[in-house]
Amino acid sequence: MTKINIIGQSREALNAQFVELGLPSFRVQQVWNWLYHHGVRNFDAMTNIAAPGREILSNFYTIERPHVAQAQASTDGTQKWLLRFSDNQEAETVHIPEVDRGTLCISSQVGCTLTCSFCHTGTQMLVRNLTSAEIVGQVMVARDVFNEWPTPIGNRHISNVVLMGMGEPLYNYENVATAIKILTDEKGINLSKRKITLSTSGVVPMIEQCGRDLGVSLAISLHAVTDELRNELVPLNRKYPIKELLEACRQYPNLSNARRITFEYVMLKGVNDSVAEARKLVQLIKGIPAKINLIPFNPWPGSPYECSTPQAISAFAEVVYRAGYASPVRTPRGRDILAACGQLKSESMRQRKSKCSSEAA
Ligand code: SAH
Ligand code: SF4
(Lines give C-alpha, C1' and ligand atoms only; values in the text may rest on other atoms or scores of the structure.)
(Ligands and ions follow the chains in the order given, each with its own letter.)
Protein backbone atom coordinates (compact mmCIF):
# COMPACT_ATOMS: atom_id res chain seq x y z
CA MET A 1 0.00 0.00 0.00
CA THR A 2 1.36 3.46 -0.83
CA LYS A 3 1.58 5.66 2.19
CA ILE A 4 -0.06 9.06 2.23
CA ASN A 5 1.44 12.33 3.39
CA ILE A 6 -0.11 13.30 6.71
CA ILE A 7 0.83 16.96 6.13
CA GLY A 8 -1.98 18.81 4.38
CA GLN A 9 -4.79 16.49 5.57
CA SER A 10 -7.63 18.49 7.08
CA ARG A 11 -8.72 17.77 10.64
CA GLU A 12 -11.93 16.26 9.23
CA ALA A 13 -9.99 13.93 6.96
CA LEU A 14 -7.72 12.86 9.82
CA ASN A 15 -10.71 12.18 12.08
CA ALA A 16 -12.20 9.88 9.46
CA GLN A 17 -8.90 8.16 8.70
CA PHE A 18 -8.10 7.56 12.38
CA VAL A 19 -11.46 5.84 12.84
CA GLU A 20 -10.57 3.54 9.94
CA LEU A 21 -7.18 2.85 11.50
CA GLY A 22 -8.77 2.06 14.86
CA LEU A 23 -7.06 4.98 16.60
CA PRO A 24 -8.98 6.89 19.29
CA SER A 25 -10.17 10.33 18.23
CA PHE A 26 -8.08 12.21 20.83
CA ARG A 27 -4.99 11.06 18.92
CA VAL A 28 -5.85 13.53 16.15
CA GLN A 29 -5.18 16.46 18.48
CA GLN A 30 -1.95 14.88 19.75
CA VAL A 31 -0.64 14.23 16.27
CA TRP A 32 -1.72 17.70 15.10
CA ASN A 33 0.23 19.24 17.96
CA TRP A 34 3.39 17.33 17.08
CA LEU A 35 3.14 18.13 13.40
CA TYR A 36 2.11 21.77 13.41
CA HIS A 37 3.07 23.08 16.84
CA HIS A 38 6.37 21.23 17.26
CA GLY A 39 7.17 20.62 13.60
CA VAL A 40 8.43 17.04 14.16
CA ARG A 41 9.54 15.07 11.13
CA ASN A 42 8.98 11.50 12.29
CA PHE A 43 6.43 9.53 14.25
CA ASP A 44 9.00 8.29 16.78
CA ALA A 45 9.28 11.83 18.12
CA MET A 46 5.61 11.68 19.18
CA THR A 47 6.46 10.54 22.68
CA ASN A 48 2.99 10.64 24.20
CA ILE A 49 1.78 8.02 21.72
CA ALA A 50 2.72 4.45 22.67
CA ALA A 51 4.81 2.40 20.24
CA PRO A 52 1.91 0.37 18.71
CA GLY A 53 0.05 3.60 17.86
CA ARG A 54 3.16 5.11 16.29
CA GLU A 55 3.63 1.97 14.27
CA ILE A 56 0.10 2.17 12.88
CA LEU A 57 0.73 5.78 11.94
CA SER A 58 4.07 5.14 10.25
CA ASN A 59 2.66 2.19 8.31
CA PHE A 60 -0.05 4.39 6.88
CA TYR A 61 1.49 7.86 6.60
CA THR A 62 4.65 9.73 5.77
CA ILE A 63 5.56 13.21 7.06
CA GLU A 64 6.77 14.86 3.92
CA ARG A 65 7.93 18.40 3.17
CA PRO A 66 8.99 19.83 -0.17
CA HIS A 67 12.71 19.50 -0.81
CA VAL A 68 14.80 22.69 -0.99
CA ALA A 69 16.41 22.36 -4.43
CA GLN A 70 18.02 25.78 -4.30
CA ALA A 71 18.29 28.59 -1.74
CA GLN A 72 19.25 32.15 -2.65
CA ALA A 73 19.73 35.21 -0.47
CA SER A 74 19.41 38.80 -1.67
CA THR A 75 21.67 41.57 -0.43
CA ASP A 76 18.54 43.08 1.20
CA GLY A 77 17.86 40.02 3.37
CA THR A 78 15.14 38.52 1.16
CA GLN A 79 15.49 34.76 0.71
CA LYS A 80 14.10 32.65 -2.09
CA TRP A 81 13.75 28.88 -2.11
CA LEU A 82 13.14 26.76 -5.13
CA LEU A 83 11.14 23.85 -3.77
CA ARG A 84 10.94 20.48 -5.44
CA PHE A 85 7.93 18.25 -4.92
CA SER A 86 7.75 14.46 -5.03
CA ASP A 87 7.02 14.41 -8.79
CA ASN A 88 10.01 16.72 -9.42
CA GLN A 89 7.82 19.73 -10.21
CA GLU A 90 9.03 22.94 -8.66
CA ALA A 91 7.74 26.25 -7.33
CA GLU A 92 9.24 29.21 -5.54
CA THR A 93 8.71 30.65 -2.06
CA VAL A 94 10.11 33.99 -0.90
CA HIS A 95 10.73 35.38 2.59
CA ILE A 96 10.79 39.15 3.02
CA PRO A 97 12.03 40.40 6.40
CA GLU A 98 10.85 43.83 7.54
CA VAL A 99 11.29 45.76 10.76
CA ASP A 100 7.90 44.88 12.23
CA ARG A 101 7.09 41.63 10.43
CA GLY A 102 8.32 38.79 8.28
CA THR A 103 6.27 37.97 5.21
CA LEU A 104 6.33 34.68 3.40
CA CYS A 105 5.16 34.80 -0.20
CA ILE A 106 3.91 31.38 -1.25
CA SER A 107 2.86 29.80 -4.52
CA SER A 108 -0.45 28.08 -5.24
CA GLN A 109 0.30 26.53 -8.64
CA VAL A 110 3.26 25.42 -10.71
CA GLY A 111 3.05 28.04 -13.45
CA CYS A 112 -0.25 29.80 -14.21
CA THR A 113 -3.02 29.38 -16.79
CA LEU A 114 -3.48 33.12 -17.02
CA THR A 115 -1.20 35.19 -19.17
CA CYS A 116 -0.89 38.66 -17.69
CA SER A 117 1.43 40.45 -20.05
CA PHE A 118 3.72 41.95 -17.37
CA CYS A 119 4.17 38.75 -15.31
CA HIS A 120 7.05 36.34 -15.62
CA THR A 121 5.05 33.46 -14.15
CA GLY A 122 2.46 34.03 -16.88
CA THR A 123 5.01 33.04 -19.50
CA GLN A 124 5.26 29.60 -17.92
CA MET A 125 2.36 27.30 -18.77
CA LEU A 126 0.37 25.81 -15.94
CA VAL A 127 1.85 22.49 -15.03
CA ARG A 128 -0.46 21.67 -12.15
CA ASN A 129 -2.16 22.85 -9.00
CA LEU A 130 -0.22 22.50 -5.78
CA THR A 131 -1.76 20.17 -3.20
CA SER A 132 -2.71 21.40 0.26
CA ALA A 133 0.38 19.55 1.56
CA GLU A 134 2.61 21.44 -0.84
CA ILE A 135 1.06 24.78 0.11
CA VAL A 136 1.35 24.16 3.86
CA GLY A 137 4.76 22.59 3.23
CA GLN A 138 6.13 25.91 1.95
CA VAL A 139 5.42 27.52 5.31
CA MET A 140 6.85 24.53 7.19
CA VAL A 141 10.07 24.56 5.20
CA ALA A 142 10.52 28.27 5.91
CA ARG A 143 9.88 27.62 9.59
CA ASP A 144 12.52 24.89 9.50
CA VAL A 145 15.03 27.36 8.03
CA PHE A 146 14.38 29.84 10.85
CA ASN A 147 14.12 27.04 13.40
CA GLU A 148 10.75 28.49 14.32
CA TRP A 149 9.40 25.47 16.18
CA PRO A 150 7.48 25.14 18.42
CA THR A 151 5.13 27.89 17.29
CA PRO A 152 6.38 31.03 19.09
CA ILE A 153 4.01 33.17 21.13
CA GLY A 154 5.68 36.50 20.41
CA ASN A 155 7.81 37.73 17.53
CA ARG A 156 8.02 35.52 14.50
CA HIS A 157 10.15 35.38 11.41
CA ILE A 158 7.00 34.34 9.61
CA SER A 159 4.20 36.54 10.92
CA ASN A 160 2.43 37.14 7.60
CA VAL A 161 1.70 34.99 4.58
CA VAL A 162 0.77 36.30 1.16
CA LEU A 163 -0.50 34.11 -1.68
CA MET A 164 1.32 36.21 -4.22
CA GLY A 165 3.83 33.73 -5.56
CA MET A 166 3.27 31.62 -8.63
CA GLY A 167 -0.26 30.86 -9.73
CA GLU A 168 -3.83 32.05 -9.35
CA PRO A 169 -5.02 30.86 -5.90
CA LEU A 170 -8.73 31.07 -6.74
CA TYR A 171 -8.19 28.60 -9.60
CA ASN A 172 -7.01 26.08 -6.99
CA TYR A 173 -9.61 26.91 -4.40
CA GLU A 174 -10.11 23.57 -2.61
CA ASN A 175 -6.43 22.98 -1.91
CA VAL A 176 -5.82 26.60 -0.99
CA ALA A 177 -8.80 26.54 1.39
CA THR A 178 -7.63 23.35 3.13
CA ALA A 179 -4.13 24.79 3.46
CA ILE A 180 -5.37 28.08 4.91
CA LYS A 181 -7.49 26.25 7.47
CA ILE A 182 -4.40 24.31 8.56
CA LEU A 183 -2.19 27.41 8.67
CA THR A 184 -4.68 29.33 10.82
CA ASP A 185 -5.52 26.47 13.21
CA GLU A 186 -4.85 27.82 16.69
CA LYS A 187 -3.50 24.52 17.94
CA GLY A 188 -0.76 24.44 15.35
CA ILE A 189 0.91 26.97 13.07
CA ASN A 190 -1.59 29.52 14.35
CA LEU A 191 -1.31 32.33 11.84
CA SER A 192 -3.97 35.00 12.12
CA LYS A 193 -6.48 35.06 9.24
CA ARG A 194 -5.97 38.75 8.85
CA LYS A 195 -2.27 38.22 8.37
CA ILE A 196 -2.90 35.98 5.41
CA THR A 197 -3.52 37.85 2.17
CA LEU A 198 -4.86 36.14 -0.90
CA SER A 199 -4.13 37.96 -4.13
CA THR A 200 -6.31 37.29 -7.14
CA SER A 201 -6.30 38.58 -10.68
CA GLY A 202 -10.10 38.68 -10.41
CA VAL A 203 -11.83 35.29 -10.41
CA VAL A 204 -15.16 36.94 -9.62
CA PRO A 205 -17.35 33.86 -8.89
CA MET A 206 -14.97 32.69 -6.12
CA ILE A 207 -14.48 35.96 -4.27
CA GLU A 208 -17.52 35.84 -1.99
CA GLN A 209 -16.88 32.25 -0.96
CA CYS A 210 -13.28 33.08 -0.21
CA GLY A 211 -14.34 35.81 2.21
CA ARG A 212 -17.09 33.75 3.80
CA ASP A 213 -15.23 30.47 4.27
CA LEU A 214 -11.68 31.65 4.82
CA GLY A 215 -11.96 35.21 6.13
CA VAL A 216 -8.52 36.12 4.84
CA SER A 217 -7.49 39.56 3.64
CA LEU A 218 -8.10 40.10 -0.04
CA ALA A 219 -5.85 41.74 -2.60
CA ILE A 220 -7.05 42.44 -6.12
CA SER A 221 -4.64 42.81 -9.02
CA LEU A 222 -6.36 45.72 -10.72
CA HIS A 223 -3.58 47.40 -12.72
CA ALA A 224 -5.83 49.34 -15.11
CA VAL A 225 -8.90 51.58 -14.96
CA THR A 226 -10.45 50.81 -18.34
CA ASP A 227 -11.57 47.43 -19.65
CA GLU A 228 -9.70 48.12 -22.84
CA LEU A 229 -6.32 48.31 -21.13
CA ARG A 230 -7.10 45.69 -18.49
CA ASN A 231 -8.10 43.22 -21.21
CA GLU A 232 -4.58 43.55 -22.50
CA LEU A 233 -2.71 43.48 -19.17
CA VAL A 234 -4.88 40.95 -17.33
CA PRO A 235 -6.65 38.90 -20.02
CA LEU A 236 -9.02 37.38 -17.43
CA ASN A 237 -10.73 40.78 -17.57
CA ARG A 238 -12.41 39.70 -20.80
CA LYS A 239 -14.31 37.15 -18.75
CA TYR A 240 -14.83 39.24 -15.62
CA PRO A 241 -14.69 42.96 -16.47
CA ILE A 242 -13.86 45.74 -14.01
CA LYS A 243 -17.48 46.55 -13.12
CA GLU A 244 -18.25 42.95 -12.07
CA LEU A 245 -14.96 42.69 -10.23
CA LEU A 246 -15.58 45.82 -8.20
CA GLU A 247 -19.14 44.71 -7.46
CA ALA A 248 -17.72 41.48 -6.00
CA CYS A 249 -15.32 43.58 -3.92
CA ARG A 250 -18.18 45.66 -2.55
CA GLN A 251 -19.89 42.43 -1.47
CA TYR A 252 -16.76 40.95 0.16
CA PRO A 253 -17.85 39.71 3.61
CA ASN A 254 -16.84 41.66 6.73
CA LEU A 255 -15.31 44.65 5.01
CA SER A 256 -14.73 47.68 7.22
CA ASN A 257 -12.15 50.37 7.65
CA ALA A 258 -10.18 47.98 9.78
CA ARG A 259 -10.51 45.26 7.11
CA ARG A 260 -9.84 46.83 3.79
CA ILE A 261 -9.29 45.40 0.36
CA THR A 262 -5.88 46.01 -1.15
CA PHE A 263 -5.87 47.02 -4.79
CA GLU A 264 -2.57 46.21 -6.43
CA TYR A 265 -1.51 48.44 -9.26
CA VAL A 266 1.69 47.71 -11.14
CA MET A 267 3.35 50.88 -12.41
CA LEU A 268 4.14 50.54 -16.11
CA LYS A 269 5.87 53.45 -17.78
CA GLY A 270 3.58 55.27 -20.22
CA VAL A 271 1.00 52.48 -20.06
CA ASN A 272 -1.15 52.96 -16.95
CA ASP A 273 0.68 55.54 -14.84
CA SER A 274 -0.86 58.95 -15.69
CA VAL A 275 -2.41 61.29 -13.16
CA ALA A 276 -5.71 61.05 -15.09
CA GLU A 277 -5.67 57.30 -14.50
CA ALA A 278 -5.00 57.86 -10.80
CA ARG A 279 -8.10 60.08 -10.66
CA LYS A 280 -10.20 57.50 -12.46
CA LEU A 281 -8.96 54.85 -10.06
CA VAL A 282 -10.17 56.65 -6.96
CA GLN A 283 -13.53 57.26 -8.61
CA LEU A 284 -13.90 53.61 -9.49
CA ILE A 285 -13.29 52.28 -6.00
CA LYS A 286 -15.34 54.93 -4.24
CA GLY A 287 -17.17 53.47 -1.26
CA ILE A 288 -14.99 50.37 -0.96
CA PRO A 289 -12.86 50.30 2.20
CA ALA A 290 -9.53 50.02 0.43
CA LYS A 291 -5.88 50.75 0.22
CA ILE A 292 -3.92 50.94 -2.97
CA ASN A 293 -0.60 49.24 -3.27
CA LEU A 294 1.52 50.70 -6.04
CA ILE A 295 3.99 48.12 -7.29
CA PRO A 296 6.96 49.33 -9.29
CA PHE A 297 7.17 47.01 -12.28
CA ASN A 298 9.86 44.40 -11.80
CA PRO A 299 11.55 43.58 -15.06
CA TRP A 300 12.44 40.05 -16.12
CA PRO A 301 14.40 38.75 -19.09
CA GLY A 302 12.47 39.68 -22.26
CA SER A 303 9.74 41.65 -20.47
CA PRO A 304 7.91 44.10 -22.77
CA TYR A 305 7.53 46.97 -20.24
CA GLU A 306 9.54 49.44 -18.26
CA CYS A 307 8.95 50.63 -14.72
CA SER A 308 7.38 54.07 -14.33
CA THR A 309 9.69 56.90 -13.31
CA PRO A 310 9.89 57.76 -9.60
CA GLN A 311 8.23 61.10 -10.45
CA ALA A 312 5.29 59.40 -12.15
CA ILE A 313 4.91 57.01 -9.22
CA SER A 314 4.87 59.80 -6.64
CA ALA A 315 2.45 61.94 -8.69
CA PHE A 316 0.12 58.92 -8.96
CA ALA A 317 0.48 58.15 -5.25
CA GLU A 318 -0.26 61.76 -4.36
CA VAL A 319 -3.64 61.71 -6.14
CA VAL A 320 -4.60 58.48 -4.44
CA TYR A 321 -3.46 59.70 -1.05
CA ARG A 322 -5.35 62.99 -1.37
CA ALA A 323 -8.51 61.07 -2.12
CA GLY A 324 -8.15 59.50 1.33
CA TYR A 325 -6.56 56.16 0.50
CA ALA A 326 -3.32 54.84 1.91
CA SER A 327 -1.08 54.44 -1.11
CA PRO A 328 2.10 52.68 -0.08
CA VAL A 329 4.59 52.11 -2.85
CA ARG A 330 5.81 48.55 -2.53
CA THR A 331 9.57 48.58 -2.17
CA PRO A 332 10.91 46.00 -4.57
CA ARG A 333 12.67 43.30 -2.57
CA GLY A 334 15.01 40.63 -3.78
CA ARG A 335 15.21 41.90 -7.35
CA ASP A 336 18.83 40.74 -7.59
CA ILE A 337 17.71 37.12 -7.19
CA LEU A 338 14.50 37.50 -9.27
CA ALA A 339 12.43 37.14 -6.12
CA ALA A 340 10.35 40.30 -6.47
CA CYS A 341 6.65 40.35 -7.47
CA GLY A 342 6.01 38.78 -10.81
CA GLN A 343 9.57 37.57 -11.31
CA LEU A 344 9.00 34.04 -10.13
CA LYS A 345 9.23 31.16 -12.48
CA SER A 346 10.59 27.70 -11.79
CA GLU A 347 14.34 28.05 -11.88
CA SER A 348 14.59 24.67 -13.53
CA MET A 349 12.39 25.86 -16.41
CA ARG A 350 14.58 28.90 -16.81
CA GLN A 351 17.73 26.83 -16.85
CA ARG A 352 16.26 24.30 -19.24
CA LYS A 353 15.05 27.09 -21.49
CA SER A 354 18.37 28.91 -21.52
CA LYS A 355 20.08 25.59 -22.14
CA CYS A 356 17.81 25.05 -25.13
CA SER A 357 18.48 28.50 -26.50
CA SER A 358 22.22 28.13 -26.09
CA GLU A 359 22.01 24.74 -27.75
CA ALA A 360 20.02 26.28 -30.58
CA ALA A 361 22.50 29.11 -30.98
N1 SAH B 1 -2.10 35.34 -9.51
C2 SAH B 1 -2.34 36.21 -8.42
C3 SAH B 1 -1.25 36.17 -7.37
C4 SAH B 1 0.17 36.12 -7.84
S5 SAH B 1 0.81 37.55 -8.63
C6 SAH B 1 -2.57 37.63 -8.93
O7 SAH B 1 -2.34 37.87 -10.10
O8 SAH B 1 -3.00 38.45 -8.14
C9 SAH B 1 1.13 38.66 -7.27
C10 SAH B 1 1.17 40.15 -7.65
O11 SAH B 1 2.35 40.47 -8.41
C12 SAH B 1 0.00 40.54 -8.52
O13 SAH B 1 -0.57 41.77 -8.12
C14 SAH B 1 0.65 40.68 -9.86
O15 SAH B 1 -0.12 41.47 -10.70
C16 SAH B 1 1.98 41.28 -9.50
N17 SAH B 1 2.97 41.19 -10.58
C18 SAH B 1 3.06 40.27 -11.54
N19 SAH B 1 4.11 40.52 -12.35
C20 SAH B 1 4.71 41.63 -11.87
C21 SAH B 1 5.88 42.35 -12.24
N22 SAH B 1 6.63 41.97 -13.25
N23 SAH B 1 6.22 43.45 -11.52
C24 SAH B 1 5.47 43.82 -10.45
N25 SAH B 1 4.38 43.15 -10.04
C26 SAH B 1 3.99 42.07 -10.73
FE1 SF4 C 1 -0.95 34.39 -13.15
FE2 SF4 C 1 -1.06 36.36 -11.29
FE3 SF4 C 1 0.99 36.23 -13.04
FE4 SF4 C 1 -1.45 36.92 -13.88
S5 SF4 C 1 -0.16 38.06 -12.42
S6 SF4 C 1 -0.06 35.45 -14.90
S7 SF4 C 1 -2.76 35.62 -12.61
S8 SF4 C 1 0.50 34.72 -11.47
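Things worth noting here:
- Out of R259, R335, R330, R250, sole residue that is within 16 Å of ligand 2 (Cβ to nearest atom), surrounded by fewer than 21 Cβ atoms within 10 Å (Cβ to Cβ) and among the charged types (D, E, K, R): R330
- Count - residues of segment 262-271 that are buried (at least 23 other Cβ atoms within 10 Å of the Cβ) and not in a strand (DSSP E or B): 0
Yes/no per residue for (1) without any contact (Cβ under 8 Å) to a residue 60 or more places away in the chain; (2) touching a Phe, Trp or Tyr at 6+ places or on another chain (Cβ under 8 Å):
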residue	(1), (2)
E264	no, no
K269	yes, yes
A276	yes, no
L294	yes, yes
C307	yes, yes
A312	yes, no
R335	no, no
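- Residue in segment 116-133 that is among the charged types (D, E, K, R), more than 16 Å from ligand 2 (Cβ to nearest atom) and within 19 Å of the chain's Cα centre (by Cα) present: no
- Tally of residues being within 15 Å of E277 (Cβ to Cβ) and not β-branched (V, I, T) across segment 197-244: 9
- Condition met for L83 (free of Cβ contacts under 8 Å to residues at least 60 places away in the same chain, within 30 Å of H223 (Cα to Cα) and not in a loop (DSSP other than H, G, I, E, B)): yes
- The set of residues from segment 181-238 being within 16 Å of ligand 1 (Cβ to nearest atom), polar (S, T, N, Q) and in contact with a helix residue (DSSP H, G or I) (Cβ under 8 Å, 6 or more places away or on another chain) comprises S199, T200, S201, S217, N231, N237.
- The lone exception for T78 - which of (1) crowded, with 22+ Cβ neighbours inside 10 Å; (2) under 14 Å from the mean Cα position of the chain (by Cα) it fails: (2)
- Residue in segment 289-299 that is within 15 Å of ligand 1 (Cβ to nearest atom), hydrophobic (A, V, I, L, M, F, W, C) and touching a helix residue (DSSP H, G or I) at 6+ places or on another chain (Cβ under 7 Å) present: yes
- From the list I196, I220, the lone residue that is touching a Gly at 6+ places or on another chain (Cβ under 8 Å) and in the same structural domain as C105 (by TED's automatic domain parsing) is I220.
- Residues being part of a strand (DSSP E or B), within 12 Å of ligand 2 (Cβ to nearest atom) and either among the small types (G, A, S) or in contact with an Asp or Glu (Cβ under 6 Å, 6 or more places away or on another chain) (or both) - total across segment 90-115: 1
- When the residues of segment 158-190 are filtered to those that are closer than 11 Å to V216 by Cα and of a type outside the set (V, I, T), the one that is farthest from ligand 2 (Cβ to nearest atom) is K181.
- Of everything in segment 165-179 that is in a loop (DSSP other than H, G, I, E, B) and surrounded by 23 or more Cβ atoms within 10 Å (Cβ to Cβ), the residue that is nearest to ligand 1 (Cβ to nearest atom) is E168.
- Some residue of segment 119-126 being touching a residue at least 60 places away in the same chain (Cβ under 8 Å), assigned by TED's automatic domain parsing to the domain that holds Y305 and at positive phi: no
- Counted residues, segment 24-76 - those being at negative phi and not in a helix (DSSP H, G or I): 27
- Residue list for segment 281-336, restricted to those being over 27 Å from T78 (Cα atoms), β-branched (V, I, T) and at pLDDT below 95: none
The values are calculated or read from the model by the stated rules, or taken from the named source; none is laboratory data. Just so it is clear, the structure is predicted and the values come from calculations on it, not from any experiment. We place every Cβ from the backbone using ideal geometry, glycine too, and count neighbours over all the protein chains shown.
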